[in-house]
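> Take a look at this one; I'll ask things after.
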Amino acid sequence: MWRFFLAALSLAPAFCADLQPLTASLHDQSSPRIQARVSSRPPWTVAGERGAFLGRQDGTFEAWIWPVKILSQFKIAAQLANYPVPIDVNALSARISVTPAETAITYSHAAFTLIQHAFATRGTQDSPAPVAMYFEIRSIRPIEFTFSFTPEMLRQWPAPNFGRPDGEWVSGGDSGIYVLHTDNPAFSGIVAMPGTKPGILPPYQEHPQSYPLQLKLTFDPKRDTGKLFPLILGVLSATTSPKDQALAIENGMESSFKTTQEYYSDFFKTRTTIETPQPQLDEATRWAEVAVDQMQVRIGAEIGLVAGYYESAASARPGYAWFFGRDTLFTTYAINSYGDFSLTKAAIDFLLERQRADGKIMHEFSQSAGAIDWKSTPYFYAAADSVPLLVMAMWDYERASGDIDFLKQRWPAVRKAYQFERSHDSDGDGIYENTEGTGWVESWPPGMPHQEIYLAALDQQASEAMSNLASLVNEPDVARDAAATAGRIAKTIASEYFEPKENSYAFSRNADGTLDRTPSIYPAVAWWQNTGSLPNADAMLSHWASDDFSTDWGTRDIAASSPLYDPISYHQGSVWPLFTGWVSLAEYRSGHPASGYAHLMQNARLTWLQDLGSTTELLSGAFYAPLGRSSSHQMWSSAMILIPLLRGLFGIQPDAAQQRLTIQPHLPPEWEHAVVHNVHLGSLLLDVTYQRTGQHLDVTATTKTPAAVCLDTVPKSDPCKTSPETVHRERVALPPVEISIRDDEPREGDSTHALKVLAETHESHRAGFTLTAPGGSVHSIYVRDNVGGAHADGFRSGDKQLTVRFPEGSDFQKQTIWFSW
């Protein structure tokens, strides 16, 4: 941190001037944009590689320059000339505008308008302003603003800290700087704003009391209209004066704003975007990519991905703003899908740099881990699942990128991880288990599992991935052994975990061979890699789609009918967008697209629920509301919009090494046409267009220059041998009859009441759809008759809607509709 400031200052001229307001015109041109009336409770996040603002929509916030919390409880008050009433400016917050580059909150009063702009610098590593904030003011009279805050100077958990900081006011011309001194003389911060005076500064003789620090700004509209007043934040360099450092930070703000704007103006030029009849989904896709990208944090020369953000309040833990193995590896599937291969490489390298000598992949690593002996903590390698996920993620990266050189360079580390996986099987059933750390759950009322189906399913897919990777590096013996292992694990899971009486798969297997039969969504990860599945799973998939699992805002991890169910617990009944994404992808890949789309849209709608543009970590299993401790900007929650969308709904799977693009789409029945822009097949960019034509979906992939690309409807492993072309076509057969249900957004506080599709059955001359809804309710479903001449009770050929009445009853009731032709 200190080296960074010294490097920045070495490029700047010597400063003699005092801090001055900015006169540049800073206009945010980035998109997409969310504008809304504020509510005081929801959070907002502005995050970058080297810092973040975490706040509430009333404008209060805490400021971080990683890994240090500089200040918190930032509030604004005002006193208008000839207006003898104190004004609580935060209470006047009226609207919020969020773009990728900036969050702006507007405070509205009859006599003045104040706009608070916040951004995190992107596009450069050497800006002296990692995060920046400035205030735009318009007033009809002179007015004094008081900006108050609590000095913090706390290093992120779990690093030791140096006491409560004192604020020393250092005057300079018409302004000054607060130096935030801690008990460590080498660790201080600075806070300043041009044109301000200090507020409460108790003299030594005063009785000891705690006051917030204050910056008092007198604004004269005749003198100051058009000026911007920046809030200057920094960790003090050991060899630079506070004044010079503050001037360097202020001097860098305009260029930081410019590079950030440029970064986001180019953001979607090569990343995947969509164009569909559902604009909300199009926009949610863009926001999800931005939200994932904003989880990059720089630590030294490395870039890693942190899990989530939320204000820390009285602690030094801002949500999950440290590096996690499993979160990163699940999210790389989204990053590969939208084509930022360099970020996936950096994320994988970050984990491999911390691989244990025996091959285990890290679970979590704090941003302040360098301040303590992190290896001695129980956190570093606490979980078992990062190991198989690393192997799987490397295979997914190879399929998308075709970057064989990266694989060859990292192959010893990948082999070591897989060997760790194979060597931890204490009961001899051939499956990696929880003896080397947690699988998914970190607590479980009946007792911690011996072997979860979640971990077993990952082990099977990792073995399959290892076989493919070994083939790429020409190690056929390893490839054969791993493929055989994958086959054995699949058979063992099917025989040991399946419950014929329950017609479902158990949650876990105990060391004595008995099963924990808690109905859970964890088997859904068996469909993650699109190379396998679980046999006899239709009943379980229907159960996931029912109100026992599915709320109107996502999927619970265990059934509401389970004795363990607690809708506000972490692991026994809450709704995670992560789980909703797992289930949605499994549904698309197993022939349940109507429910898959419902779950996808539930995740997409969360873009606007809480931290605008981001997706929260978890919600109540009973009511449509996030849990109080839910990280409001959670990386893999946003990823779970992208993965089921691009790999499920659009069915896109690249194989760059063979120049093949497999397309297995499931467009909603109402959609006649859709386009996916910038699909990545290694270094190639393709636009993929979907167009309904009678009983078929015509798929066209175009490249700007001729390229040899094979467009497939089923995966193939041989190299593509077609001639170079710019247009590549394939035709996909459509089901004779398709249905969709009304996509109603729940309101905050709602409980589950929406219609759900439990099952879809397609036979040679008929199709059946099993629905469930509250007893006595009446619903209209959309029907697409692709074959022509389909009919059902209450539906004639040529109709578009079918009215369905459900039997009376206090609970959800079932109804099966059969169409014949």
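The values are calculated or read from the model by the stated rules, or taken from the named source; none is laboratory data. From a predicted model like this one, the values you see are computed outputs, not experimental measurements. Here Cβ is always computed from backbone atoms with ideal geometry, including for glycine, and neighbour counts include all displayed protein chains. Calculation scope for accessible area: heavy atoms of the full protein, side chains included, ligands and nucleic acids excluded. Shrake-Rupley method; radii C 1.70, N 1.55, O 1.52, S 1.80 Å.
> Put H592, H753, H779 in order of accessible area, largest first, 1.4 Å probe: what do you get?
From most exposed to least exposed: H753, H779, H592.
> On the protein heavy atoms, probe 1.4 angstrom, tell me the percent of accessible surface of the stretch 591-652 carried by carbon and sulfur.
Carbon with sulfur: 63 percent of the solvent-accessible area.
> So, taking all protein chains as they sit and a 1.4 Å probe, how much accessible area belongs to Y565, in Å² rounded to tens?
It works out to around 60 Å².
> Separation of the stretch 702-726 and the stretch 578-653 by C-alpha centroid, Å?
Cα centres, the stretch 702-726 to the stretch 578-653: 32 Å.
> So the label point goes 7 Å from the Cα of D538 along Cα→C-beta, right? Which residues of the stretch 500-516 then have their backbone N under 11 Å from it?
Label zone hits: none.
> Could you tell me which trypsin sites (Lys or Arg not before Pro) in the stretch 442-502 are loop residues by DSSP with no more than 16 other beta carbons within 10 angstrom of their beta carbon?
K501
> Right, another one. Any idea of R298's accessible area? Nearest 10 Å², probe 1.4 Å.
Answer for R298: close to 50 Å² accessible.
> For the residue pair H677 and E748, what label-to-label distance in nm results when each label sits 7 Å from Cα along the Cα-to-beta-carbon direction?
It works out to 3.3 nm between the two label points.
> Still on this structure: Averaged per residue, what accessible surface does the stretch 38-187 expose to a 1.4 Å probe, in Å²?
That works out to 33 Å² per residue.
> Which percent of Cα-Cα pairs in the stretch 560-697 sits in each 5 Å bin, short to long?
Reading upward from the zero bin: 2, 10, 16, 17, 18, 15, 9, 6, 5, 2, 0.
> With each pseudo-label sitting 7 Å past Cα toward Cβ, what's the R37-R517 distance in nm, one decimal?
5.2 nm
> Pairs K756/K800; K416/K491; K375/K416; K345/K704: which are spaced more than 22 Å apart, C-alpha to C-alpha?
Checking Cα-Cα distances, K416/K491; K345/K704 exceed 22 Å.
> How big is the gap, in Å, between the Cα center of the stretch 463-511 and the Cα center of the stretch 407-444?
Using only Cα atoms to place each centre, the spacing works out to 13 Å.
> How much accessible area per residue does the stretch 329-475 have, counting only protein heavy atoms and a probe of 1.4 Å, in square angstrom?
Roughly 30 Å² per residue, with all protein chains present.
> Which log10 I(q)/I(0) values, to two decimals, does the stretch 172-212 give at q = 0.21, 0.30 Å⁻¹ under the Debye formula with one point per Cα?
-0.88, -1.03
> Could you compute the FRET efficiency for E302 and E262, with r as their C-beta to C-beta distance and R0 at 25 Å, rounded to 0.05?
My answer for the efficiency is 0.60.
> Let me ask something additional. Report the Cα-based extents of the chain along its three principal axes, largest first, to the nearest Å.
Cα extents, longest axis first: 87, 60, 60 Å.
> Starting from the Cα-Cα distance between D793 and D244, subtract it from 0.36 nm times their residue separation and give me the gain in nm to one decimal.
Net length gain for the segment: 189.7 nm.
> Keeping all protein chains in place and using 1.4 angstrom, which order do V170, V179 fall into by accessible surface area, from largest down?
V170, V179
> Under the classification rounded if a/c is under 1.5, otherwise prolate if a/b is larger than b/c and oblate if not, where does the stretch 341-493 fall, given a ≥ b ≥ c as square roots of the Cα gyration tensor eigenvalues?
oblate
> Same structure again: For the chain, what relative contact order do you get, as a whole percent, if you take Cα pairs closer than 8 Å and at least 6 residues apart?
9 percent
> Any chance you could run the full-extension gain for D358 through Q280? It's 0.36 nm times the residue separation minus the Cα-Cα distance, nm to one decimal.
Taking D358 through Q280 to full extension adds about 23.4 nm, to one decimal.
> Separate question: Compute the acute angle (0 to 90°) between the alpha-carbon long axis of helix 386-401 and the principal axis of greatest extent of the alpha-carbon atoms of the chain; round to the nearest 10°.
Between the helix axis and the principal axis of the chain, the angle is about 80 degrees.
> Please give the per residue accessible area of the stretch 686-821, computed with a probe of 1.4 Å over protein heavy atoms only, in Å².
It amounts to 54 Å² per residue over the stretch 686-821.
> Another one. To one decimal place, what orientation-averaged projected area in nm² is obtained for the convex hull of the Cα set of the stretch 417-526?
6.9 nm²
> Follow-up. Over the Cα atoms, compute the radius of gyration (one decimal) and Dmax (the largest Cα-Cα distance, rounded to a whole number) for the stretch 726-784, in Å.
16.3, 55
> Compute the long axis of helix 341-352 from its Cα atoms, compare it with the longest principal axis of the Cα atoms of the chain, and write down the angle in degrees, 0 to 90, nearest 10.
Around 80 degrees separate the two axes.
> Something else now. How much length, in nm to one decimal, is gained on full extension between D481 and T705, taken as 0.36 nm per residue of separation minus their Cα-Cα distance?
Answer, rounded to one decimal: 76.5 nm.
> With only alpha-carbon pairs counted, each pair once and no self-pairs, how large is the Kirkwood hydrodynamic radius of the stretch 499-546 in angstroms?
Kirkwood hydrodynamic radius for the stretch 499-546: 11.5 Å.
> For the stretch 270-317, what log10 I(q)/I(0) values come out of the Debye formula at q = 0.17, 0.18, 0.22, 0.25 1/Å, with one point per alpha carbon and no solvent?
With no solvent term, the Cα-only Debye profile gives -0.70, -0.74, -0.87, -0.95.
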